[in-house]
């Protein structure tokens, strides 16, 4: 109960902080919307090729906007030494990690909620033509991104080149999550058999589970020094 | 016979190739007020970080009531209250929101009542609904004291707490520290202010080059003698 209470306290604090500062979601949303809009000019109307790549464009917009948000999210902890204060608290340190990861998940999900409808209009695709299953892809993909992104933002935030360091560390590791998410989403965009998406979603869920366990096991050692 | 609370046994701490603390052996007794002096980069802050379990030693052992650090539960950290030169506060939140957040993390009972008592003590209750961003350095430090004492810690650790404080905030901090000392709390304070550090302490220590070069009860040394010992230790 104390464990969940600590996670809930951190998430509530982060959401309250964001409601007051509007630093993270607004900047992520602007970046994400701009990416989707700019890439929409590439394709000629009615292009067949378009549908094969737009899933990737959508996920790239989330990933790069997410990196921007992760940096900002961790900066609010580092400024004033707040992260040290969290580490001094009498709670399991993994609860601190999962609190931050859930907050980041919520912020990225907020951006997705606004970006996806715009994406569907601009690219003239209906992701949800076969039902609401793509929501599961977004949830699983965003969770994997939030878990790994939070871990690497904690590692990179104390470096001088944090803006460069985070994508350098995160992107090579996050490839399986992005790849599975894009492949699963493309099946719905291209109108293929939705059953084919299940294997990608299983792979995605597998990576999420592995990353969660690994982070749970190593987080204490990462923050020790 | 004083009761030992924390014991450092040949503790070393390295950050990469930097040897921040070298073979430090020292005992910290219950109810003591230890002032730690030393030049910049001497290893004072590292000593405090090790003391409050923020970082583990590279070698050597730290025992808390004879229990080694790696055998302690997470809840042990609630015995420490840390006041740093950094405020540990979220600038976009109000004082009340900040304190409520930390109170939840430390599982404080009767949160609002406790916050009111402490904010009254540091004369910030009227400003409780103001965003911390608008606070002056002195107000931030007073609020930081409130945050550190919310859970009524047994050991209070202070890292240069007087830095940048005006006279009023300085007086409030001194008054609170004396109340804590009277209340038999154990206090460890790193400071550059010789007078404040000497006056408040029951034991004096000097760290230089990562080594504990002086560790003596205040009763055994006058302020002039200590001044001389400090200059001698630092210039050596």
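Has region B:87-110 got at least one residue that is under 18 Å from residue A:96 (Cβ atoms), out of contact with any strand residue (DSSP E or B) (no Cβ under 9 Å at 6 or more places or on another chain), more than 9 Å from chain A (Cβ to nearest Cβ) and in a loop (DSSP other than H, G, I, E, B)? Yes, some residue in region B:87-110 is under 18 Å from residue A:96 (Cβ atoms), out of contact with any strand residue (DSSP E or B) (no Cβ under 9 Å at 6 or more places or on another chain), more than 9 Å from chain A (Cβ to nearest Cβ) and in a loop (DSSP other than H, G, I, E, B).
You will find that of A:76, A:84, the residue that is at pLDDT below 90 and within 14 Å of chain B (Cβ to nearest Cβ) is A:76 and no other. Of all the listed residues (B:6, B:82), the sole one being more than 14 Å from every other protein chain (Cβ to nearest Cβ) and in contact (Cβ under 8 Å) with a residue 24 or more places away in the chain is B:6.
This table checks each residue for (1) surrounded by 23 or more Cβ atoms within 10 Å (Cβ to Cβ); (2) within 17 Å of residue A:63 (Cα to Cα).
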| site | (1), (2) |
| --- | --- |
| A:95 | yes, no |
| A:117 | no, no |
| A:121 | no, no |
| A:138 | no, yes |
| A:164 | no, yes |
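For region B:26-61, a residue qualifies if it is outside any loop (DSSP other than H, G, I, E, B), farther than 20 Å from residue B:84 by Cα and within 17 Å of the chain's Cα centre (by Cα), and the qualifying residues are B:26, B:27, B:29. Taking residue B:75, is it surrounded by 15 or more Cβ atoms within 10 Å (Cβ to Cβ), farther than 14 Å from residue B:6 by Cα and within 10 Å of chain A (Cβ to nearest Cβ)? Considered against the rule, which asks whether it is surrounded by 15 or more Cβ atoms within 10 Å (Cβ to Cβ), farther than 14 Å from residue B:6 by Cα and within 10 Å of chain A (Cβ to nearest Cβ), residue B:75 comes out as no. When residue A:98 is tested against (1) more than 11 Å from every other protein chain (Cβ to nearest Cβ); (2) in a helix (DSSP H, G or I); (3) farther than 28 Å from residue B:49 by Cα, just one condition goes unmet, and that condition is (3).
Residue B:40 meets the conditions (1) without any contact (Cβ under 8 Å) to a residue 60 or more places away in the chain; (2) in contact with a strand residue (DSSP E or B) (Cβ under 8 Å, 6 or more places away or on another chain); (3) away from chain A (no Cβ under 11 Å) in every case but one. The failed one is (2).
Among the conditions (1) surrounded by 19 or more Cβ atoms within 10 Å (Cβ to Cβ); (2) within 13 Å of chain A (Cβ to nearest Cβ); (3) out of contact with any strand residue (DSSP E or B) (no Cβ under 7 Å at 6 or more places or on another chain); (4) within 29 Å of residue B:41 (Cβ to Cβ), residue B:159 misses just one, which is (3). The residue pairs whose first member lies in region A:1-22 and is more than 7 Å from chain B (Cβ to nearest Cβ) and closer than 14 Å to residue A:110 by Cβ, whose second member is in a loop (DSSP other than H, G, I, E, B) and modelled with pLDDT of 95 or more, and whose beta carbons are closer than 9 Å, counting only pairs six or more residues apart or on different chains, do not exist in this structure. Looking only at region A:203-222, decide whether some residue is free of Cβ contacts under 8 Å to residues at least 40 places away in the same chain, surrounded by 15 or more Cβ atoms within 10 Å (Cβ to Cβ) and in a helix (DSSP H, G or I). The answer is yes, given that some residue of region A:203-222 is free of Cβ contacts under 8 Å to residues at least 40 places away in the same chain, surrounded by 15 or more Cβ atoms within 10 Å (Cβ to Cβ) and in a helix (DSSP H, G or I).
Please work out if residue B:47 is surrounded by 19 or more Cβ atoms within 10 Å (Cβ to Cβ), farther than 18 Å from residue B:149 by Cβ and away from every other protein chain (no Cβ under 11 Å). The answer is yes for residue B:47. When the test is whether a residue is part of a helix (DSSP H, G or I) and over 28 Å from residue A:51 (Cβ atoms), residue A:140 does not pass it.
The values are calculated or read from the model by the stated rules, or taken from the named source; none is laboratory data. All of these numbers come straight from a predicted model, not from anything done at the bench. Note that we place each Cβ from the backbone using ideal geometry, even for glycine, and neighbour counts take in every protein chain shown.
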